[in-house]
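> So that we are looking at the same thing, I have put the structure below in C-alpha cells.
The values are calculated or read from the model by the stated rules, or taken from the named source; none is laboratory data. These figures come from a predicted structure and were not determined experimentally. Positions of Cβ are backbone-derived with ideal geometry, glycine not excepted, and every protein chain shown enters the neighbour counts.
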C-alpha cells in the first residue's frame, strides 16, 4: 500500500520533473492539534527543486505546488507548509 508521502512525491515528480524532491511526514509534530488524526499522514513538509520554477517568486512556486497537490489535499491532508 502506498503512503500519502509516496503519492505526494509521485504528483510532484509528474508535475514538475524536479531535480530534487523531499517529502517529510511531520504529523507527529502536530499530535493533538486541529487536523491531526490518529495514524498520522496529515501534515507534511515538501522541498522541490525544479527548472519549472525558474523565474517564479516564492508565492507563485507555492501556489503551483498547492495546485498540483489539490486533489490529494482534498482527500484529507490538512496543512501544506
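> Failed condition for residue 55, given (1) surrounded by fewer than 14 Cβ atoms within 10 Å (Cβ to Cβ); (2) assigned to a loop (DSSP other than H, G, I, E, B); (3) at pLDDT below 95, with all others met?
In the conditions (1) surrounded by fewer than 14 Cβ atoms within 10 Å (Cβ to Cβ); (2) assigned to a loop (DSSP other than H, G, I, E, B); (3) at pLDDT below 95, residue 55 misses (3) alone.
> Could you list, in sequence order, all residues of region 30-52 that are at pLDDT 90 or above and surrounded by 13 or more Cβ atoms within 10 Å (Cβ to Cβ)?
Residues satisfying the conditions are 45, 46, 48, 50, 52.
> I'm checking my understanding of the structure. Among residues of region 63-81 that are surrounded by 15 or more Cβ atoms within 10 Å (Cβ to Cβ) and part of a helix (DSSP H, G or I), which one is modelled with the lowest pLDDT?
For region 63-81, the residue satisfying everything is 73.
> In the set 15, 27, which member is more than 10 Å from the chain's Cα centre (by Cα) and modelled with pLDDT of 95 or more?
Details: 27 fails: modelled with pLDDT of 95 or more.
After applying the criteria, what remains is 15.
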